[in-house]
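Heads up, the thing below is written out as structure tokens.
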């Protein structure tokens, strides 16, 4: 191993030791007590001092070791990823959210001078970046990885790279391998990705950090599994118990109580005769007669066994609450009907996915587009194809039609709310008399003494060849 690899591997340990010492002995004057290479520790600390930034409260919590090894606080635990591959309920909930996020396309829009938001088209460079992502990832792959990372670790990191032609590429990074390097002046100096072969440094403009707000650590996201970890762990322990119970319990379903004690030979003979008469599908439900049997005692589940089964159900309910996924959508169909499944889908999209989509749109418009050189554009998810939200669209159309009929809104006002261009006849009441509607139309160009005839013989206009 090289000195650089040894140093990079030891930096996290040094950071932990330093913080423990500082927390244990906050009043010890380090520079007067310890010396290293002829220099006092206080001198070394002063050499790593970073200029003060505007947020003085957060800057006061930083020290020089944070600027070297970064801040994570143990919130991006690798075992959170293990829950995804071990806990069925976590896998089902996270996968459902990830697949749901891939359904609405992300469309780039531009603002017109009239205030309308119009798509830029598939040929625009930014739209191509968001659609093609990189040579190995599709648009769906990017959003699956992003949503899975957010749901497991509360953070998602996009590395912004350029190819040999200078085109942008987006690469998702594992959050448990990324450390944030805080800065007293810039808030974040950069990021360090620690892979199998050592660290890779990124500047703060080369990484897009998406995070769920963490009230306990400013430089880390909050995983939804953090509050549900005990419940999910209880479910896993219940599964392990049931597996070991089936393997090693050696407990029969019932016990035969006899009047007299039996020898080993008589017991073995009884087992042989019993299996010969009742074993196999051909002897299913065949009645049995044993004159020496006094009573039969059935062995059921104990209270402890029932607690583990209830623990599995409780674990599913906790995962459902944490991830905002109704239980019928997690294949818990015990009380499911067609009506409440449809209602569950609407609740899932309204209360879970729409806020998630709004969060992602805000982050991309605020943090990503300026870095890619498009501060005047914006991105929006097109949710018009989501079946669970079409009832809301039908209600909106019905409400707009009623307002149009009563003259509360005009055609152009409705069209502007849907980012559609105005039409010449759309500034009057939809049911206004023809004279009033004609007076609202723009004046015809001079030189036309007669109104223009409709094409193709409409309204009696002759055809011309």
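The values are calculated or read from the model by the stated rules, or taken from the named source; none is laboratory data. Just so it is clear, the structure is predicted and the values come from calculations on it, not from any experiment. Note that we place each Cβ from the backbone using ideal geometry, even for glycine, and neighbour counts take in every protein chain shown.
Here are some notes:
- Qualifying positions in the stretch 57-95 - in contact with a strand residue (DSSP E or B) (Cβ under 9 Å, 6 or more places away or on another chain) and either at pLDDT 75 or above or in a helix (DSSP H, G or I) (or both): 58, 59, 66, 67, 68, 69, 75, 76
- Taking (1) surrounded by 13 or more Cβ atoms within 10 Å (Cβ to Cβ); (2) over 21 Å from the mean Cα position of the chain (by Cα); (3) more than 30 Å from residue 234 (Cα to Cα) in turn, residue 386 satisfies each apart from (2).
- Residue match in the stretch 326-340 (condition: at positive phi and either loosely packed, with under 15 Cβ neighbours inside 10 Å or modelled with pLDDT of 75 or more (or both)): yes
- Yes/no for residue 192 being modelled with pLDDT under 90 and under 23 Å from the mean Cα position of the chain (by Cα): no
- Checking 450, 438 one by one, the residue that is at pLDDT below 85 and not in a loop (DSSP other than H, G, I, E, B) is 438 and no other.
- Considering the stretch 325-362, the residues that are in a loop (DSSP other than H, G, I, E, B) and in contact (Cβ under 8 Å) with a residue 60 or more places away in the chain include one that is farthest from residue 390 (Cα to Cα), namely 331.
- The set of residues in the stretch 150-191 being more than 19 Å from residue 371 (Cβ to Cβ) and not in a loop (DSSP other than H, G, I, E, B) consists of 150, 151, 152, 153, 175, 176, 177, 179, 182.
- Per-region count, the stretch 221-259, residues under 15 Å from residue 152 (Cα atoms) and at pLDDT below 80: 1
- Of all residues assigned to the stretch 200-210, none qualifies as being out of contact with any strand residue (DSSP E or B) (no Cβ under 6 Å at 6 or more places or on another chain), modelled with pLDDT under 90 and surrounded by fewer than 18 Cβ atoms within 10 Å (Cβ to Cβ).
- Number of positions in the stretch 211-240 that are crowded, with 18+ Cβ neighbours inside 10 Å and touching a strand residue (DSSP E or B) at 6+ places or on another chain (Cβ under 9 Å): 6
- Tallying residues that are touching a helix residue (DSSP H, G or I) at 6+ places or on another chain (Cβ under 9 Å) and without any contact (Cβ under 8 Å) to a residue 24 or more places away in the chain within the stretch 98-124 yields 3.
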